[in-house]
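The block underneath contains the structure these notes are about, expressed in structure tokens.
The values are calculated or read from the model by the stated rules, or taken from the named source; none is laboratory data. Note that this is a predicted model, so its numbers are computed, not measured. In this analysis, Cβ positions are derived from the backbone assuming ideal geometry, glycine residues included, and neighbour counts consider all displayed protein chains.
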């Protein structure tokens, strides 16, 4: 058995950082050797610096780890970044420049032409941008690979097999997003109780852009986005976790709901073929009930890594309409980047 | 000052029935003279038969009223029906046949060709069907007039002025509907807490059909629906009251968001011209904030009778997208039928 | 008709500040002439500086008022203080020293021996401390009068008539407190959803101390607390507003539940005798139902100024147990100080 | 390895029944061979008859099991009863009379003098009543053993070690109970959202009686209850699962909080000594944080079988006050009866 890769988490005390810690604590390929956080936390025991919010207990092996500063030099080969958007930009570049592989959940570099915005099931070929990235930026060993926005990953997983089979022409999507997507402390309870907040800053733009980039093709060192339009309505609802999306889609080919269901059920992309540790089997769960998926009941499907689909039916205006649901802090954040790292490792792109 | 019209409420102890009682208790044109409910309640004091759920106290004048049976013969000239769908059909016909005017919130007769499905601001001309109805059914004085489904009234109010001005071509709507829409006991808390339920039986069909009927034209004693398609996604969210809807709309004419806002703001339909007691002034409130309307903050606009609109912006797939919100048990149920009665009274169609 | 007294609100943009604005906007004795807030807000329109959170709309007359700085010199004779605890101390003294009457909701001066901690129904005689205060501090016209903690006012109102009639010997109280008591942004929704938080910093100490002070007697310029013990358990529950308390009480005299109910129902203290504008009639509502008062249904009793009591029954350990409920931001905060000011005005203690 | 005991669940489709199914599906000592439910469900596949509500998926092995009728003759040796109170009485007797061991969560037989009301950690000796029961009722092999009410098990676990060490003299307890305790559909969301319901029918009486019975001693074939009084206030709060209780206790001996904590931490009762499958290690978790246990964060401690205690501090009225929390449908219902069965099996009291 080969040695485990030593990994660190940047922003390890926050909501997404805790999910990284939970997913990496007993990981078969990775060993958690560094927990980095803000200067206020650095030097403290992780258990003291972190207000643990997940329902499972804090993994025992991290309780006494000492939080380190968020700067190159920390003891690991790869870092998973749960940093907020603004600081993430330069910090992640500094780590990559210093030779670390950076798997980022931040939005800072998602639109850089030479940075892969990756879902292993959808666009593993975009990893070819890593070579471009190193050329362009003069990095020898380091790199940055990003995972998409939490709403975008759900929609893109749902669209990928039907775009491949039938061609997507246009999409209207409405999200009902759980509270954890806003981080901690995030949404005040006086705003969320008995309410819906029909606005999430920047979210609709990400949801219009990112799926088209991931479903696009790499040409000469950058990505040509897929040629269709997405209109998004994004809403915050009083559920803890899980992003539920209603989707109306127009397709190039005329299809029945049964054909879409077949496309989803028969989808067996690369991470599932490689049987990667975090790859859900199957990646998409199509539910037959009239009222599923539901946020609370289905967000944990595939240990939070599967996307659940349901209510596939004809659309009066477009061709087909359906529901898609995913876990926003696992498949939509920490789990997404962990799977990205597993894919690169399996493909021999990580050498330490 | 003329005498008040004596009115009754059918299904007076339920969730919508209580709203009727609240709205009619101090009404300037109507006097509440009969409260009808199920056989189990008949003969009891209203305060004993009814589990009052509204936050304001039960109006003092109804506390000691004795609940009567749900059958013609009760002491009033008009009845407001908050009956459930199945019993509503024959019971409402029996009342109309016996000479009562029936204002119904039930869905039983909404699709009868000779029954007006009415929003006074939108299609007051459809009241001409009352004459057809009497001819067809051999009723001399009685009639049935219905109000639309709670989601449909919000969408139809929003579409009416822009359909008149620019022509609607197609609509994709996603609802996030409050719990009171399911009545009492309705949704179990184990289903609603920390969850979204993406299914409401029959609702999407109503929302596809009813707005087109109300925006249609009466021709030879029946209604020709407006010629456009509506695709609906209906969801139950954990908010007490208020139905929030995201709408993407394609229009015949090319317009800007500002033109739509102007059409909504300048709308001054008949009930507002007549200054009817329950007619909100203005009927539509266009909010300028980036994150409004919100369910809790805006559902009570215009004492629950106004529709609030916001986030009017270009749609990447259609022409324009926006939010619409209304109070489902006031504008979407009891208040809707009360306003229907006020309009008929003002137009001399109620003689007692 | 005499002129209205000109009043200001300190901390006017916060949760309690907004309640003060709502209650004072159309007040018959007071005219809102100054809205003070933090330096960041000063100079801005109130509508721009304030994120209005109450369900009724912002009163039109305050929308365009310009927010002023929180320092003496502002244009009014009395100030209502919704300042946070720490800054409240010196700021309120500065205002009182400059000649303003200060009615404070802050905890800073509640334990000063010469400052009245006042509930007009309970201890109007404690206003004699104002003279002591002026002597001690060398203030000619200004003064500070405080209202109690939001949980303490509910318990003290409930205890006052039974302490007077039968003598309280000891009390065990458990609170279930609404979210608004923590201010805004206050409790994160990730902490409140599907949870109870059994800890509120400093609350149990206030609830053990303040009722005994208010039920005590003024002797030689300071208050001798009532001689009984209170043990408090304080919890935060996911309800918007309203503090519900379960109370077990031991009394000096042996009494029946009916005797307690009679004591509450026949209570007619000074503010009700004087028919003060904000004094609820009656001050205590005793509910007969087996499951009332409930937070949502009863918090607005007496426009949020009444305390509701229910389930009065024998206690297996003490003598009697019962429920008490009050609205924490009205009777428990802003409304409390407004009633304090009304009482002093009615007693000729405010001359401008 | 011995064969597994074949067991059935009565009321297998309800909220507690589902927990039994979940806990027994992969149990090392028991094999789930019969699922009984109402006549309407009998003959259907379990997956069709049951609206599965737990967040983990339905165990695969029960999906295709055919639901049987609720009458002796079903294929198993022991039954776990999740029946509602009224039918449970005669049905459980019929099963016991027919030779089945009955482990009941219902309240029907909890007060029968010859029926053990059992918490294995607290009163394993009460199992001697099984012999009395067989004598009295003429049962050869069958028996009934009950588990306590969900609130009572939490309080009794907390009191047991301190009663043994220091003697309990009196208790005032206030519960804040999760929604699942009311079963399904249970509490309507219109009642629970933004509310506390301070009444649960029959609960306070059970909580006053059951702990004293379990802490009592068997004398001549019946139980002499422990000699102290309990006063209970029971409330329903909007949390999914978990019953949180605040407790003020008076003790015979004068003790410090530290002494109580030591008594809880050093408690190592019989099920833990026997290392029974469902026995949590440790049975009581004492939390050091100032704001724990919290309902959502701690209800799953010890896979839902441990009781969490916190905030142990002096009480101003009694001696000590503290918090106790347990999972109401695991430790407070299904898990309780499963542990009862494990204890009897380990003690050789189940022979099949």
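Side notes on the structure shown:
- Complete set of residues in region D:139-169 that are closer than 23 Å to residue D:101 by Cα and either at pLDDT below 95 or touching a helix residue (DSSP H, G or I) at 6+ places or on another chain (Cβ under 6 Å) (or both): D:139, D:140, D:141, D:142, D:143, D:144, D:145, D:147, D:148, D:149, D:150, D:153
- Of the helices (runs of 4 or more DSSP H) lying entirely inside region A:120-209, those containing at least 3 residues that are assigned by TED's automatic domain parsing to the domain that holds residue A:295 span A:150-166, A:189-192.
- Of all the residues in region D:68-90, those that are touching a helix residue (DSSP H, G or I) at 6+ places or on another chain (Cβ under 9 Å), buried (at least 21 other Cβ atoms within 10 Å of the Cβ) and over 21 Å from residue D:345 (Cβ atoms) number 2.
- Within region D:190-201, tally of residues that are in contact with a strand residue (DSSP E or B) (Cβ under 6 Å, 6 or more places away or on another chain), more than 19 Å from residue A:189 (Cβ to Cβ) and at the interface with another protein chain (Cβ under 7 Å from one of its Cβ atoms): 2
- Meets criteria (more than 30 Å from residue D:257 (Cα to Cα), at pLDDT 95 or above, more than 14 Å from chain C (Cβ to nearest Cβ) and under 22 Å from the mean Cα position of the chain (by Cα)) for residue D:187: no
- Boolean, residue A:292 is at negative phi, part of a loop (DSSP other than H, G, I, E, B), surrounded by fewer than 24 Cβ atoms within 10 Å (Cβ to Cβ) and in the same structural domain as residue A:267 (by TED's automatic domain parsing): yes
- Unmet requirement for residue D:238, which otherwise passes all of (1) within 20 Å of the chain's Cα centre (by Cα); (2) crowded, with 21+ Cβ neighbours inside 10 Å; (3) within 14 Å of chain C (Cβ to nearest Cβ); (4) outside any strand (DSSP E or B): (1)
- Residue satisfying condition, being under 23 Å from residue C:239 (Cα atoms) and within 14 Å of chain D (Cβ to nearest Cβ), within set C:326, C:302, C:335: C:326
- Qualifying residue in region A:173-180 (condition: within 14 Å of another protein chain (Cβ to nearest Cβ), surrounded by fewer than 23 Cβ atoms within 10 Å (Cβ to Cβ) and out of contact with any strand residue (DSSP E or B) (no Cβ under 6 Å at 6 or more places or on another chain)): no
- Of all residues in region A:256-268 being touching a residue at least 60 places away in the same chain (Cβ under 8 Å) and touching a strand residue (DSSP E or B) at 6+ places or on another chain (Cβ under 7 Å), the one that is farthest from residue A:158 (Cα to Cα): A:257
- All helices (runs of 4 or more DSSP H) inside region C:1-119 with 3 or more residues being more than 18 Å from residue C:330 (Cα to Cα) and not assigned by TED's automatic domain parsing to the domain that holds residue C:185: C:46-49, C:60-63, C:85-97
- Looking across region C:253-270, the residues that are out of contact with any helix residue (DSSP H, G or I) (no Cβ under 6 Å at 6 or more places or on another chain) and assigned to a helix (DSSP H, G or I) come down to C:257, C:258, C:259, C:261, C:262, C:265.
- Given (1) under 14 Å from residue C:160 (Cβ atoms); (2) touching a strand residue (DSSP E or B) at 6+ places or on another chain (Cβ under 9 Å), number of the condition residue C:328 does not satisfy: (1)
- Residues of region A:24-67 satisfying the condition of being within 23 Å of residue C:193 (Cβ to Cβ) and buried (at least 19 other Cβ atoms within 10 Å of the Cβ): A:50
- For residue A:248: the one exception among (1) part of a helix (DSSP H, G or I); (2) touching a residue at least 24 places away in the same chain (Cβ under 8 Å): (1)
- Region B:210-225: number of residues that are part of a loop (DSSP other than H, G, I, E, B) and either buried (at least 19 other Cβ atoms within 10 Å of the Cβ) or within 14 Å of chain D (Cβ to nearest Cβ) (or both): 1
- If the condition is being touching a strand residue (DSSP E or B) at 6+ places or on another chain (Cβ under 6 Å) and farther than 19 Å from residue B:172 by Cβ, then region B:214-235 contributes B:216, B:217, B:224.
- Selection from region C:226-235 of residues that are assigned to a loop (DSSP other than H, G, I, E, B) and either surrounded by 23 or more Cβ atoms within 10 Å (Cβ to Cβ) or within 12 Å of chain D (Cβ to nearest Cβ) (or both): C:228
- Unmet criterion (only one of (1) touching a helix residue (DSSP H, G or I) at 6+ places or on another chain (Cβ under 9 Å); (2) in a strand (DSSP E or B); (3) without any contact (Cβ under 8 Å) to a residue 40 or more places away in the chain) for residue C:311: (1)
- Condition broken by residue B:134, with the remaining ones in (1) away from every other protein chain (no Cβ under 14 Å); (2) in contact (Cβ under 8 Å) with a residue 40 or more places away in the chain satisfied: (2)
- For the residues A:251, A:274, the requirement of being more than 12 Å from chain B (Cβ to nearest Cβ), modelled with pLDDT of 95 or more, closer than 20 Å to residue A:232 by Cβ and surrounded by fewer than 24 Cβ atoms within 10 Å (Cβ to Cβ) singles out A:251.
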